[in-house]
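Student: Got a structure for you, written out below as structure tokens; questions coming shortly.
Only the coordinates and a few stated rules stand behind these numbers; no lab work does. In this text, all values refer to a predicted model and were calculated from it rather than measured experimentally. A quick note on method: Cβ atoms are made from the backbone with ideal geometry, for glycine too, and the neighbour counts reach across all protein chains shown.
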Amino acid sequence: MGNNALTILHVEDDPNDVLLIARAFRKVEVAARIQVVNDGEQALHYLSGSNSFSDRENFPLPSLVLLDLKLPRKSGIEVLEWIRSRPGLKRIPVVMLTSSKQAVDINRAYDLGVNAYLVKPVNFDGLVDMVKTLDAFWLRSNERPGATRD
Amino acid sequence: MNPGNNRLFGTTHPPGRAPLSRTGMSSDCDAANEEKVNILLVDDRPDKLLALQAVLNDLNQNVVVAKSGKEALRHLLQTEFAVILLDVSMPGMDGFETASLIRKRPATEHTPIIFVTSLNQSENQVSRGYSLGAVDYILSPIIPQVLRSKVAVFVELHKRTNEIKRQAERLRQLEETAFKRQLTEAVDRLEMETKRNRFFTLSLDMLAIADFDGYMLQLNPTWEKTLGFSEDELKSRPGPDFVHSEDRPAMIEQMERLRDGASTTYFEGRYRCKDNSFRWLGWTAAPFPAERLIYIFARDITQRKINEQKIESLNAQLKQRVQELTDINSELEAFSYSISHDLRAPLRSMQGFADALLDEQGDQLDHTGKEYAQRIVSSAKYMDALLNDLLDYSRLSRAELERESVDLQTEVAELITQLSCDIQQRHAAVKAEVNGVKVSAHAGTLRQILSNLVCNALKFSHPERPPIVCVRSEKRERAVRIWVEDNGIGIAPEHCDRIFRLFERLHTSQAYPGTGIGLALVRKGAERMGGSAGVESVSEQGSRFWVELPIA
């Protein structure tokens with residue numbers, strides 16, 4: 001996919017949200033490939049390239065992780081903590097994309113080094129706006145971390 | 001007889017004038033002066049008396065004179081004499097007769113008598129005189145030195161005798177004083193002991209003396225009053241035998257400490273009563289190692305212990321209440337969390353897909369449009385279910401659940417009938433092995449619990465085999481455990497606890513639809529009815545959920 005071969009990993013258990021966010025990405029015409037996993041364990045497998053995700057051609061390391069908080073098997077917080085503890089993954093930008101506005105969740109996410117915390121808007125237009133901002137900031141403006149370790 | 005010699009002694013000392021002091025202890029006596037003793041001179045001739053007196057003056061003693069035997073006897077009645085010089089030949093009562101009368105009186109039977117006699121009569125008189133108790137003879141005419149020295153011997157003898165008598169008297173007095181003191185002390189001691197015994201007898205505490213082997217040697221009556229055992233029964237076995245088996249090791253340890261030299265110990269333990277109940281006693285014990293005895297003061301502290309236990313149980317209740325409140329609080333948190341998270345998601349879907357429908361398929365509702373529409377419907381359904389379950393759960397947390405005896409067999413049979421459609425569709429088999437079992441439960445809640453468990457067992461079936469579900473009962477102590485066993489997909493051990501929490505799910509709702517409330521409701525319901533719930537499971541092989549409820 002050449003220069004545009006950016007990948008976003010979307011960790012989301014709600015298939016409706018998956019569809020809606022995918023649609024929003026389409027609407028904004030984000031030049032990135034979205035990979036979706038449905039629970040925390042799958043996210044770990046994807047990021048570490050284990051189980052069915054060992055093919056890095058088809059499942060490349062993402063430039064951005066969109067992470068829901070409430071997930072089956074492993075919560076978003078657990079996934080975030082795990083990412084920040086892995087030498088090869090710890091600098092990947094992680095954006096929480098969740099329904100929870102609870103201060104305890106927000107603070108915990110920042111404590112663990114999240115890059116941004118977004119609350120899913122109920123309104124679809126709001127979601128589109130949010131995806132636009134995401135695209136502009138994280139995929140276009142933001143300088144991504146280098147590929148070298150440490 | 002030579003009267004001429006006798007006439008040498010003329011004047012007499014008047015007998016009444018003679019000093020009568022016998023003890024010489026009078027305070028006005030010159031300290032330098034020795035005690036004077038009395039010497040009695042008896043002669044009918046004044047000249048002889050005078051001569052004797054003159055000779056004996058040198059001895060510096062009291063000399064008393066008597067002119068006849070009668071007068072001599074009179075003096076002897078009043079006065080004690082160290083020695084008597086007695087003229088043998090006197091008119092009337094002669095010397096021998098006088099001597100024999102003197103000897104007859106006990107007070108004077110040992111008073112030394114020296115006979116004074118003339119030379120010519122000596123032989124006959126000497127033998128008679130000795131037979132009458134004379135100690136010596138003086139022949140007249142007298143030789144002053146001989147007379148003086150002989151009398152001096154008796155004076156000295158008398159003085160010594162008196163001294164010995166006085167010493168004996170002093171000793172006797174000392175002994176008497178000592179004896180009186182001992183007697184007083186003994187009486188005092190007896191009185192003290194009586195008082196002490198009164199304390200011992202009247203004490204409300206239990207007092208006892210025990211030996212080092214733990215046997216009671218002496219007990220006050222409070223023991224019997226408190227425990228019901230007689231004194232003999234309590235003495236018949238070592239103390240630890242009466243102590244509650246749980247407290248006995250501690251008591252034996254205390255006794256060892258006392259034997260090893262601890263000064264005092266305090267110990268609380270339950271002591272057996274005659275009626276086999278137990279009373280709490282608090283013991284203070286002090287050892288007397290020399291006598292190998294232990295002095296024990298024990299007090300009935302049963303009431304205090306009961307109060308302490310009450311306080312403890314109240315404290316435990318309080319803690320439990322606090323825990324319950326904490327639990328409710330955390331559930332409320334989970335509840336509000338779910339409102340902000342789970343409940344908003346379907347709303348969002350409805351909105352999102354409705355938007356998509358209008359935006360993209362507004363003019364023509366083709367297949368996709370219909371699908372979007374379908375999704376709105378299913379999301380609405382889901383939200384409905386979610387809200388319903390949440391309401392159920394919160395109701396279960398708050399409502400008073402009145403328990404009654406519920407027949408398990410009836411409930412399970414009804415449930416199977418209700419679920420028969422679902423069972424058929426899934427090609428499942430549901431067996432019940434709960435014959436004749438009754439539990440104490442709130443019927444509606446029990447029905448909901450069983451329904452949730454059996455529905456789960458049907459739902460989480462293994463893709464490779466039709467579900468087989470078995471509802472079994474197992475009698476436990478005062479409880480019944482109801483097992484709902486399946487051959488489904490099972491649950492990994494690390495998730496077994498998590499699944500009972502509110503909104504916890506192991507699978508996406510796509511794979512296994514549900515609200516994540518069902519099992520939380522099962523556990524909450526069981527707990528609200530005084531029971532508990534849990535699961536034993538092997539991943540890929542099946543699960544065995546259980547609910548334990550009090551037996552009816």
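Student: Run the reach check for B:Lys48 against lysines, Cα to Cα strictly under 22 Å, same-chain hits fewer than 8 apart removed. What comes back?
Tutor: Partners found: B:Lys67, B:Lys70, B:Lys150.
Student: Arrange the peptides B:414-425, B:63-74, B:162-173, A:44-55 so that the one whose residues have, on average, the most other Cβ atoms within 10 Å appears first.
Tutor: Answer by packing, highest mean first, reads B:63-74, A:44-55, B:414-425, B:162-173.
Student: Return the whole-Å distance between the Cα centroid of the stretch B:58-82 and the Cα centroid of the stretch B:124-164.
Tutor: For the stretch B:58-82 versus the stretch B:124-164, the Cα centre distance is 14 Å.
Student: Work out the charge dipole of the stretch B:81-156 with +1 on the Cβ of Lys and Arg and -1 on the Cβ of Asp and Glu about the Cα centre, then indicate which of B:Phe96, B:Pro144, B:Phe154 is farthest towards its positive end.
Tutor: B:Phe154
Student: A further question follows. Note down the magnitude of the dipole of the protein assembly as shown about its Cα centre, charges +1 on Lys and Arg C-beta and -1 on Asp and Glu C-beta and zero elsewhere, to the nearest 20 debye.
Tutor: 2040
Student: Determine, from the Cβ-Cβ distance of B:Arg257 and B:Ile551 and an R0 of 45 Å, the FRET efficiency 1/(1 + (r/R0)^6), rounded to the nearest 0.05.
Tutor: Rounded to the nearest 0.05, the efficiency is 0.40.
Student: Evaluate the distance, in nm, between pseudo-label points positioned 7 Å from the Cα of B:Ile143 and of A:Tyr110 along their respective Cα→Cβ axes.
Tutor: Placing both labels 7 Å beyond Cα along the Cβ direction yields 15.0 nm.
Student: Hey, rough spin-label estimate for B:Phe288 and B:Asp275, points 7 angstrom out along Cα→Cβ, what's it come to in nanometres?
Tutor: 3.6
Student: Nearest 20 debye, what's the magnitude of the dipole of chain A about its Cα centre given +1 on Lys and Arg Cβ and -1 on Asp and Glu Cβ?
Tutor: That gives chain A a dipole magnitude of about 300 debye.
Student: What does the helix-only formula give at 222 nm for chain B: each DSSP H stretch with n ≥ 4 adding -39500 (n - 2.57), the total divided by the residues, and the result rounded to the nearest 500 deg cm²/dmol?
Tutor: Helices in chain B give a 222 nm mean residue ellipticity of -16000 deg cm²/dmol.
Student: Still on this structure, I have one more. Expressed as a rounded percentage, what relative contact order does the stretch B:401-552 have, with Cα pairs under 8 Å and six or more residues apart?
Tutor: Reported as a whole number, the value is 26 percent.
Student: Also, quick follow-up: How high is the FRET efficiency from B:Ser245 to B:Glu308, r the C-beta distance, R0 35 Å, rounded to 0.05?
Tutor: The calculated FRET efficiency here is 0.95.
Student: Which one of A:Trp82, B:Pro238, B:Phe288 has its Cα pushed farthest toward the positive end of the charge dipole of the protein assembly as shown, where Lys and Arg give +1 and Asp and Glu give -1 at the Cβ?
Tutor: B:Phe288
Student: Let me ask another. Sorted by mean Cβ packing within 10 Å, highest first, what order do the peptides B:260-271, A:9-20, B:524-535 take?
Tutor: In descending order of packing, they fall as A:9-20, B:524-535, B:260-271.
Student: Which of B:Ser509, B:Ser313, B:Leu86 sits closest to the plus end of the dipole of the protein assembly as shown, meaning its Cα is farthest towards the positive end, when Lys and Arg get +1 and Asp and Glu get -1 on the C-beta?
Tutor: Comparing the listed Cα positions along the dipole, B:Leu86 ranks first.
Student: Could you list which residues have their amide H under 5 Å from that of B:Ile113, counting only those 5 or more apart in sequence or on another chain, with H placed in the peptide plane?
Tutor: Those lying under 5 Å, H to H, from B:Ile113 are B:Ile84, B:Val135, B:Asp136.
Student: Let me ask something additional. Angle between the Cα long axis of helix B:46-57 and the longest principal axis of chain B, 0 to 90 degrees, nearest 10?
Tutor: So the inclination is approximately 50 degrees.
Student: Run through the DSSP bridge list for the protein assembly as shown and note the antiparallel percent, rounded to the nearest 5. Please report the intermediate quantities before stating the final value.
Tutor: On the way: 52 of 92 bridges.
Percent antiparallel among DSSP bridges in the protein assembly as shown is about 55.
Student: Subtracting the Cα-Cα distance from 0.36 nm times the residue separation, let me have the gained length for B:Glu193 to B:Tyr266 in nm, one decimal.
Tutor: 23.6 nm
Student: Continuing with this model, one more query. So how do B:124-130, B:40-46 stack up, highest first, on mean other-Cβ count within 10 Å?
Tutor: The most tightly packed comes first, giving B:40-46, B:124-130.
Student: To continue, here is another question. Quick check: residue separation of B:Gln425 and B:Lys475 times 0.36 nm, minus the Cα distance between them. What number comes out in nm? Please list the in-between numbers first.
Tutor: On the way: separation 50, 0.36 × 50 = 18.00 nm, distance 3.31 nm.
Contour length minus the Cα-Cα distance gives 14.7 nm.
Student: For Cα pairs less than 8 Å apart in space and 6+ apart in sequence, what is the mean separation divided by the residue count of the stretch B:165-289, i.e. the relative contact order in percent?
Tutor: 16
Student: Could you state the number of Å between the C-alpha centres of the stretch B:469-485 and the stretch A:10-43?
Tutor: Here the two parts' Cα centres lie 45 Å apart.
Student: How high is the FRET efficiency between B:Lys104 and B:Gln182 when r is their beta carbon distance and R₀ equals 41 Å, given to the nearest 0.05?
Tutor: That pair, B:Lys104 with B:Gln182, gives E of 0.45.
Student: What distance in nm lies between label points placed 7 Å from Cα along the C-beta direction at B:Ser539 and B:Ser127?
Tutor: In this crude spin-label approximation the distance works out to 15.1 nm.
Student: Extension gain B:Lys225-B:Glu324, at 0.36 nm per residue separation less the Cα-Cα distance, in nm?
Tutor: 31.1 nm
Student: Kindly flag which residue pairs out of A:Lys101/A:Lys132; B:Lys36/B:Lys180; A:Lys74/A:Lys120; B:Lys310/B:Lys524 have an alpha-carbon separation exceeding 25 Å in this structure.
Tutor: B:Lys36/B:Lys180; B:Lys310/B:Lys524
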